[in-house]
Amino acid sequence: MLKKKICMLGAYGVGKTSLVRSFVFSIFDERYHSTVGVKIDKKPVDILGREVELLLWDIAGEDDRFTVPASYLRGTSGYLLVVDGTRRETLEVAMDLQRRTEGEVGSVPFLAVLNKTDLVDRWEIDPACLAEIERRKWPIIHTSAKLGTGVETAFFELGRAILARD
């Protein structure tokens, strides 16, 4: 079986762990679970008729005290860059992470995941912010880990982009 490493990147509290738990186990927990270092889950899936095991590296969120170590990024086939729509500053963290990740691993497929669509009435990501993402030509998907909306689509779209490069 083909194995592909996918890194979950973003600021703390954007929903990386919740997205993984929703995708792998079809569950959501209201309690905040802070990731320490990295947690690895895997899920076998069929993408474009190929059996692929996705190795999901749920990496602790960036904040003032923690920066993603380059060693966590090595060997990644692609990544989900998760942004919390209710916190504008998480987009700035994502932009910095994307630049640094590309510097470490080169140009590998990624998706910008605008999470927490279930809280869209509290969003701080306005049209000007979205225009900046579009200017960078980032592929974007809107998700809600809580409702499961867009979660499978995000992982499968990234998987298809990764396989298209093989």
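Read-outs: derived from the displayed coordinates by stated rules, not from any lab. All figures in this text were calculated on a predicted structure; none of them were measured in a lab. No Cβ is skipped: glycine too gets one built from the backbone with ideal geometry, and neighbour counts run over all protein chains shown.
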Counting only backbone N atoms under 18 Å from a point 7 Å out along Cα-to-Cβ of Asp166, the residues of the stretch 44-83 in range are 44-57, 75-80
Rounded, prolate or oblate: which one fits the stretch 2-165, using the alpha carbon gyration tensor with axes a ≥ b ≥ c (rounded when a/c is under 1.5, else prolate when a/b beats b/c, else oblate)? rounded
Under the 7 Å Cα-to-Cβ spin-label approximation, Thr153 and Ser26 lie apart by a distance in nanometres of 1.9
With point charges of +1 on the Cβ of Lys and Arg and -1 on the Cβ of Asp and Glu, referenced to the Cα centre of the stretch 2-165, which listed residue (Tyr79, Leu130, Val52) lies farthest in the positive direction of the dipole? Val52
Yeah, the stretch 1-85 with a ≥ b ≥ c from its alpha-carbon gyration tensor (a/c under 1.5 is rounded, else prolate when a/b outruns b/c, oblate otherwise) is oblate
Give me the distance between the Cα centres of the stretch 25-66 and the stretch 113-166, rounded to whole Å. 16
Return the percentage of antiparallel bridges among DSSP beta bridges fully within the stretch 6-159, rounded to the nearest 5 %. 40
Calculate the dipole size of the stretch 2-165 relative to its Cα centre from +1 charges on Lys and Arg beta carbons and -1 charges on Asp and Glu beta carbons; express the result in debye to the nearest 20. 560
With a Förster radius of 45 Å, plug the Cβ-Cβ distance of Glu51 and Glu124 into 1/(1 + (r/R0)^6) and report the FRET value to the nearest 0.05. 0.65
Counting only pairs 8 or more places apart or on different chains, how many lysine pairs in the chain have C-alpha atoms closer than 14 Å? 11
